[in-house]
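The values are calculated or read from the model by the stated rules, or taken from the named source; none is laboratory data. The model shown is predicted, which means the values in this text are computed figures rather than measured ones. A quick note on method: Cβ atoms are made from the backbone with ideal geometry, for glycine too, and the neighbour counts reach across all protein chains shown.
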Amino acid sequence: MKVRNWMTPDPITVTSDTLIIDAQKIMKDHRIRRLPVVDRGKLVGIVTYRTIIEASPSAATSLSIHELNYLLLKLKVKDVMQRKPITVSPDDSVIDVILLGANKGIGAFPVVENGKLVGIVTETEIVQSMLAIFGTRVDDEIITLDNVGPEEGIGVFRRIAEVLEDLKVPVLAIFAMPHRRTKANRIYVRVKTKKIKPIIEELTKAGYEITD
């Protein structure tokens, strides 16, 4: 699953000289919370609704309302933006972006290709991509194969798929994730059926451990 298939292409941008009040209005009008900052075709930063709120002068200060308004009118995106934001490529996998976001505590990434901003991927798109894999519908189920060790090697997905093919079960997705306590993996098989008992029986016969 590539980022290019889930990102928002050609995102709305601002320049570093855009006034904060204008950037705030753009976010409100378009119901977005982040704006890439582009100067002369080059990504130079990203500004978020949260950073704008945090940077805005507080009404609890000793400044008069006129002084507060003056400061707000003068404040520009370059005064509050995050410079040199971490970016991803449209060819990066969604899983890698999720891990990067978790490690860095970041909820959105500008997507850059050949030095040009081509999109933005946020928590919303990431959640949608995960639902496409994990999310089951009325007639779908996910079967979990536990402790699939590295000795399974190349072809484990094919072998699992062959078991399901013999049962004439439509496969929607097969993916692996590291086991939290061992060096093995858990493999998740999403199938388009609710009748999973025969599948579990055949996978068990094939030597796989099935877990809830």
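Picking from residues in region 54-73 that are in a helix (DSSP H, G or I) and surrounded by fewer than 11 Cβ atoms within 10 Å (Cβ to Cβ), the one that is modelled with the highest pLDDT is GLU54.
When you look at PRO110, is it at pLDDT 90 or above and assigned to a strand (DSSP E or B), yes or no? Spelling it out, PRO110 is indeed at pLDDT 90 or above and assigned to a strand (DSSP E or B). Based on what the data block shows, is ARG181 modelled with pLDDT under 85 and surrounded by fewer than 12 Cβ atoms within 10 Å (Cβ to Cβ)? In short, yes.
Name the one entry in ILE46, ILE12, ILE26 that is modelled with pLDDT of 95 or more and in a strand (DSSP E or B). Sole residue among the options that is modelled with pLDDT of 95 or more and in a strand (DSSP E or B): ILE46.
Taken together, LYS168, LYS183 contain a single residue that is assigned to a loop (DSSP other than H, G, I, E, B), more than 26 Å from LEU131 (Cβ to Cβ) and within 27 Å of the chain's Cα centre (by Cα), which is LYS183. Residues that are loosely packed, with under 15 Cβ neighbours inside 10 Å and at pLDDT below 80 were ranked within region 113-131; the one that is farthest from the chain's Cα centre (by Cα) is LEU131.
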